[in-house]
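One structure is given below, encoded as structure tokens.
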Amino acid sequence: MPSMSLLPPRMRATRENGEVVVRALMFHDEDTGLTRDQVTGELIPAHFIQRVVCTLNGKPVLRCLWGIAISKNPFLEFRLQQARAGDVVALEWFDNEGMHQRVSALVPA
């Protein structure tokens, strides 16, 4: 089975009560660096999403700085009031080992 970090994130934008609700699920194993390998007893190195950037038509609307306390496969939800039908919402995450992924969605009418 591939590492969770290799699965592309999922994201969708929906309209609710005049706002656009963006929901995203990022697949990442999220190791804290505080647990030990059950066989060798050595610490498993930290591997976590460090930064998330969300944009609307290329302009940043949300920036997150995360650490080891974020759960495996984090879910993020946020609302936009200024988004219009056809706008592009994008999310990109970066982890502490240099890996990153990007996903985008169109704002519905």
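Here are a few things to note about the model shown:
- Loop-resident sites, region 25-109, for trypsin sites (Lys or Arg not before Pro), counting at most 15 other Cβ within 10 Å (DSSP): Lys72, Arg84
- 3J(HN,Hα) from dihedral phi, region 98-103, Karplus parametrisation 6.51/-1.76/1.60, rounded to Hz, x for glycine, proline: x, 6, 8, 9, 9, 9
- For the chain, excluding the exposed loop sites themselves (GluC sites (Glu not before Pro), DSSP loop, at most 12 other Cβ atoms within 10 Å), the longest remaining stretch covers 43-96.
- Think of region 4-106 as having a plus end and a minus end, set by charges on the Cβ of Lys, Arg, Asp and Glu; of Thr40, Pro60, Phe75, Pro60 sits farthest toward the positive end of this dipole.
- Interchain or long-range residues, amide H under 5 Å from Ile44's placed H: Thr35, Arg36, Asp37
- Multiplying the residue separation of Lys72 and Asp31 by 0.36 nm and subtracting their alpha-carbon distance yields 14.0 nm.
- About the centre of its Cα atoms, region 19-64 shows a dipole size close to 360 debye [charges on the beta carbon of Lys, Arg (+1) and Asp, Glu (-1) only; nearest 20 debye].
- Check: the chain dipole with +1 on Lys, Arg Cβ and -1 on Asp, Glu Cβ, in debye: 540 debye
- Amide H partners (placed H, <5 Å) of Trp66, local residues excluded: Arg51, Val52
Every number in this text was worked out from the coordinates using simple rules, so none of it is lab data. Here the structure is a predicted model, which is why all the values come from computation and not from measurement. Cβ: placed from backbone, ideal geometry, glycine included. Neighbour counts: every protein chain shown.
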